[in-house]
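Laboratory data are not the source of any read-out in this text; all were calculated from the coordinates shown. No experiment lies behind these values; they were computed from the predicted model shown. Positions of Cβ are generated from backbone atoms using ideal geometry, with glycine treated the same way; all protein chains shown enter the neighbour counts.
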Amino acid sequence: MGGDLLVESVFGEGATFIVLVPRSSAAEVRAAQIRARVIPTMAPPKGRASVLVVDSSDQMLRAYSRVLGRHFDLLLANDSQEAIDMLSSGSSADVVLADLGLSPLDGVHLHHWLAENQPDLASRTVFVAAEPQQQRQRRELAGLPNDILAKPTPATALVAEVESAAKR
């Protein structure tokens, strides 16, 4: 990290360790947190919903974090399998926001897993799809009550949609 470690030791009396690291900008810290899939928040207001955001693009995860992180507690996953692993290992969410075009398991597969394992959460899943590349996935979800938003979605519409899903 470009820093230093200084050690002063006196036999029988102990040691003092001094760690010097360069100061990071807020943007660098935020980028490292996103890479680590940790989005800290100040003590969230009571009743604040949690959202599991699933998208294969780190750029999109950062964008969702900026927009949704002000309103919700976030969990981030790069693909459906990571989301399934998180939910299987005890993480919980009130809403799932997932890209339909995930690979290798797309958003439809994630929804099938949710329907089988966490049906309440399956009904509170909102999908985001690029046009028209994800028509097959759209057809597979036809008839389900889940909303599918087009990319790009205005921030206010995204927040409103997630809030609506949290109330279902």
Along Cα→Cβ, 7 Å out, is where each label goes; now give me the distance between the ones at N117 and T153 in nm to one decimal.
2.3
Output ³J(HN,Hα) for segment 103-108: one whole-Hz value per residue in order, computed from phi by the Karplus curve 6.51 cos²θ - 1.76 cosθ + 1.60 with θ = phi - 60°, and x for Gly and Pro.
9, x, 9, 7, x, 5
Give me the one-decimal nm value for the distance between modelled label points at E28 and N78, 7 Å along each residue's Cα-to-Cβ direction.
2.2
Say each of M60 and V7 gets a label point 7 Å from the Cα, pointing the same way as Cα to Cβ; how far apart are those two points in nm?
4.7
Out of residues 5 or more away from L102 or on other chains, whose amide H comes under 5 Å of its own, with H placed 1.01 Å from N in the peptide plane?
G107
Once you order the gyration tensor axes a ≥ b ≥ c over the Cα atoms, which shape class does segment 44-108 get: rounded for a/c under 1.5, otherwise prolate or oblate by comparing a/b with b/c?
oblate
Subtracting the Cα-Cα distance of V19 and R48 from 0.36 nm times their residue separation yields 6.7 nm
Amide H to amide H under 5 Å from V126: which residues, 5+ apart in sequence or cross-chain, H placed 1.01 Å off N in plane?
V96, L97, A98
